[in-house]
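Okay, so here's the structure we're looking at.
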Amino acid sequence: MKYWQVLVLKDRGPFSVIRLFSAFKYAVQGIQYAAKSEKNFQIHLFAASIVIILSFFLKLDKVEWIFIIISIFGVMALELVNSAMERAVDLATDKIHPLAKQAKDLAAAGVLVYTLMAVLIGILILGPKIIQLFY
Ligand SMILES: Nc1ncnc2c1ncn2[C@@H]1O[C@H](COP(=O)(O)OP(=O)(O)OP(=O)(O)O)[C@@H](O)[C@H]1O
């Protein structure tokens, strides 16, 4: 084994290539679980695809794209955290418990609030451009 390979394999500091690569690999696995098994995440992926296609078609400017991207990625990130919360609660208890209910409902509420904002942004940016197509 070459000297630089030994260095890379032994290095476990904050900027370790192995550590960063592993963290990235596990995060991608998380996205894969969600895309395969989380119905809500699949719905968000579908909605995001439609919005992105529409946005290309309607020729958004740079600032409009930034708002659309923040909305799409924000909803997906929160949905992933919500799914993690559901699994953590299910792991913590298989009994009906008011705190388990609150934890899941609060996480779901976080997704709902951000999604409402994303929908409003979508209506404000895409709405007038879609209406213009017909008049
Ligand atoms: N252990 C529990 N104790 C009390 N209430 C719970 C518990 N688990 C779930 N609930 C209630 O049931 C609802 C549905 O829970 P569930 O685990 O099926 O998640 P979900 O919101 O249906 O998500 P998904 O469909 O993505 O699995 C929760 O939002 C919560 O109100």
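The values are calculated or read from the model by the stated rules, or taken from the named source; none is laboratory data. No experiment lies behind these values; they were computed from the predicted model shown. Counting neighbours? That spans all protein chains shown, and the Cβs are built from the backbone with ideal geometry, glycine included. Ligands, DNA and RNA are excluded from the accessible area calculation, which covers all protein heavy atoms including side chains. Shrake-Rupley method; radii C 1.70, N 1.55, O 1.52, S 1.80 Å.
Across segment 42-52, the number of residues qualifying as among the β-branched types (Val, Ile, Thr) and open to solvent by 70 Å² or more (accessible area, probe 1.4 Å) comes to 2. Considering 104, 95, the condition of being open to solvent by 70 Å² or more (accessible area, probe 1.4 Å), basic (Lys, Arg) and either within 16 Å of the ligand (Cβ to nearest atom) or outside the structural domain of residue 26 (by TED's automatic domain parsing) (or both) is satisfied by 95 alone. Is it the case that residue 55 is of a type in the set (S, T, N, Q), surrounded by 14 or more Cβ atoms within 10 Å (Cβ to Cβ), more than 20 Å from residue 35 (Cβ to Cβ) and at pLDDT 95 or above? Considered against the rule, which asks whether it is of a type in the set (S, T, N, Q), surrounded by 14 or more Cβ atoms within 10 Å (Cβ to Cβ), more than 20 Å from residue 35 (Cβ to Cβ) and at pLDDT 95 or above, residue 55 comes out as yes. Here 72, 68 are screened, and the one residue that is among the aliphatic types (A, V, I, L, M), touching a His at 6+ places or on another chain (Cβ under 9 Å) and surrounded by 15 or more Cβ atoms within 10 Å (Cβ to Cβ) is 72. Only one of the numbered conditions (1) open to solvent by 90 Å² or more (accessible area, probe 1.4 Å); (2) more than 15 Å from the ligand (Cβ to nearest atom) is not met by residue 33, and that is (2).
Against the test of being outside any helix (DSSP H, G or I) and away from the ligand (no atom under 15 Å from the Cβ), the options 60, 116 yield a single qualifying residue, 60.
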